[in-house]
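Worksheet: the structure to be examined is printed underneath.
The values are calculated or read from the model by the stated rules, or taken from the named source; none is laboratory data. Treat the numbers as computed from the prediction; the structure is a model and nothing was measured. Neighbour counts are summed over all protein chains in view; Cβ atoms, including those assigned to glycine, are modelled from backbone coordinates with ideal geometry. Surface accessibility is based on the protein's heavy atoms, side chains included, excluding ligands, DNA and RNA. Shrake-Rupley method; radii C 1.70, N 1.55, O 1.52, S 1.80 Å.
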Amino acid sequence: MAGSEPVEAATSGDPGSALPTVGSRTHPLTGAVQGGLWAGAAVIAIGTSYLQGDRWNGVPWWAALLGVLGGGLLLGQAAGFVSWWFTRYVVDDDEVRIDSGVLNRRSRRAAFERIQAVDVAEPLLARVVGLAEVRIELAGGDESRLVVKFLPLDQAHDVRRLLLRRAHGGAADDADPVEALDDRDLITRVTPERTMLGALLSLDLLTALAAVAAVVLAAIGFGAPLVLLGGVLPALSWAVQLISRRVVAEWGFTLWRTPHGLRIERGLLSLTSQTIPFARVQGIAVVEPILWRSLGWCRLEVDVAGSGTGDEAARETTLLPIADRALAAALVDELVPETVGDEVDRAGPVRASRRSWPFAPIGWRYRWIDLGLRRATSSTGWLARRTSSAPHAKVQSIALRQGPLQRRLGVATVELHTPDGPVDVDAHHLAGPVARDVALRAVGAARSARADVGSAAAGGVLGRRVDGTHDLA
């Protein structure tokens, strides 16, 4: 196997494959890539310290720069090599395991039945030398991801196929059930022009520009030009970072349908391939910023079982950064289907009480919840309208809340709890009796849904096809 040193001679069982199933180091350049990342962090940290006034007893700036670059690179490469040397990954007949650590050894392992998805990502430095990392998403737990860094790109895909084959219960030499490149259908591709335009019309940029305008007016009003420099530059920097980070992460965003789920490919500098199995989708949200609504655009976000928190998790729960309303509606109906044609038990949308206006003088008009036969849908917001849907079978618990001011106004909030993520199916500030009725109906709907399909099989009903393909021009 090129670029990897097998610890034992056992292989995947395929005579034509050099893929190890028992202990291997990753590619030798892993140390260089990891060391480069650490060196970059060290250079930024030490350089920032120097710029903030730490002159290191009068050392010239050029000598400090050379010292930071040289020392950071040397220390980073040394640390990266040591980390690589003591790290091995193992794929055997029962589990996947990653052993690491120098002084304190650590072994992270996961049984194949816990594997939810396996993705291949190409961070920038790794991509330059033709390497990739394998990200293994697991069910449950605080640390629900194992990462194998770094392998040659072809070998990373081989490892992905092997892990998915084992996760689906197949032997190493069984026919590969994992989707091939030609076993997928294009749903949509977001063009770079639309990605950039969407970022420029985002509420984040609008907020940053409003902050710049406020600082300029304050500087003019108080006659303090230093305030202008001290406030405008950070606000502009924030705006540039928001736009660039979003454009870089969502560049070339492509959504495919495969037999096992939805596959996402995205990224300008670092390429990421991500698969969202249908069974892991816990809910979906359609977000319509006010500047997008006149263009008929929206953003789709999903709750994915086992996803973490932070910026990376936010990117991984973005199903489509920009979509037309027709495509968004088709995807919602595919992932969170609703029974049509039988409206006998449907009560229709329930809207927030007029008495709730003190909580949201404008937004109360846009709040409602609708309990369908198979899913619950709620809507809130007017600057950024968010419509969230979740299958009744995925709802974990239901709460009826009423604070002191709510009790005085005679309103209450119903919360349908789903796994952590961007989807919140809540009904804010309904009239008290109506809120209790909605909560009881939601409990009954969730109980019936779980009895019909079972919590483990709830994801099996997902995945109806969207007819045709859509290309965002």
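Report yes if some residue within the range 77-99 is surrounded by 14 or more Cβ atoms within 10 Å (Cβ to Cβ), farther than 30 Å from VAL118 by Cα, within 32 Å of the chain's Cα centre (by Cα) and modelled with pLDDT of 75 or more; otherwise report no. Looking for residues that are surrounded by 14 or more Cβ atoms within 10 Å (Cβ to Cβ), farther than 30 Å from VAL118 by Cα, within 32 Å of the chain's Cα centre (by Cα) and modelled with pLDDT of 75 or more, one finds none in the range 77-99, hence no. If the condition is being within 23 Å of the chain's Cα centre (by Cα) and either open to solvent by 40 Å² or more (accessible area, probe 1.4 Å) or within 12 Å of LEU146 (Cβ to Cβ) (or both), then the range 113-132 contributes GLU113, ARG114, ILE115, GLN116, ALA117, VAL118, ASP119, LEU124, LEU125, ARG127. The number of residues in the range 125-180 that are among the acidic types (Asp, Glu) and either farther than 22 Å from ALA111 by Cβ or modelled with pLDDT of 90 or more (or both) comes to 4. For the range 422-438, a residue qualifies if it is within 17 Å of ALA384 (Cα to Cα), of a type outside the set (D, E, K, R) and open to solvent by 20 Å² or more (accessible area, probe 1.4 Å), and the qualifying residues are PRO422, HIS428.
The set of residues in the range 239-266 that are buried (at least 21 other Cβ atoms within 10 Å of the Cβ) and on the phi > 0 side of the Ramachandran plot contains only GLY261. Does ARG135 satisfy the criteria of being charged (D, E, K, R), crowded, with 20+ Cβ neighbours inside 10 Å and more than 17 Å from ASP94 (Cα to Cα)? Spelling it out, ARG135 is indeed charged (D, E, K, R), crowded, with 20+ Cβ neighbours inside 10 Å and more than 17 Å from ASP94 (Cα to Cα). Applying a threshold of 8 Å to beta carbon distances and a minimum spacing of six or more residues, or different chains, the list of pairs starting in the range 199-221 at a residue that is under 23 Å from TRP251 (Cα atoms) and open to solvent by 40 Å² or more (accessible area, probe 1.4 Å) and ending at one that is aromatic (Phe, Trp, Tyr) and assigned to a helix (DSSP H, G or I) reads LEU201/TRP292. For the range 182-197, the set of residues classified as open to solvent by less than 50 Å² (accessible area, probe 1.4 Å) and out of contact with any Phe, Trp or Tyr (no Cβ under 7 Å at 6 or more places or on another chain) consists of THR188, THR191, ARG194, listed by residue number.
Going residue by residue through the range 376-394, is there one that turns out to be under 27 Å from ARG293 (Cα atoms), of a type in the set (Lys, Arg) and open to solvent by 20 Å² or more (accessible area, probe 1.4 Å)? Among the residues of the range 376-394, at least one is under 27 Å from ARG293 (Cα atoms), of a type in the set (Lys, Arg) and open to solvent by 20 Å² or more (accessible area, probe 1.4 Å), which makes the answer yes. Being at pLDDT 70 or above, in contact with a helix residue (DSSP H, G or I) (Cβ under 8 Å, 6 or more places away or on another chain) and open to solvent by 40 Å² or more (accessible area, probe 1.4 Å) is a property that holds for PRO28. Taking the range 408-421 as the range and being open to solvent by 30 Å² or more (accessible area, probe 1.4 Å) and under 16 Å from ARG354 (Cα atoms) as the test, the residues that pass are ARG408, LEU409.
Mind listing whichever residues of the range 100-145 are over 22 Å from LEU262 (Cβ atoms) and of a type in the set (A, V, I, L, M)? The answer is VAL102, LEU103, ALA110, ALA111, LEU124, LEU125, ALA126, VAL128, VAL129, LEU131. Only a single item in (1) under 19 Å from the mean Cα position of the chain (by Cα); (2) under 18 Å from LEU262 (Cα atoms); (3) at pLDDT below 90 is not met by THR188, and it is number (3).
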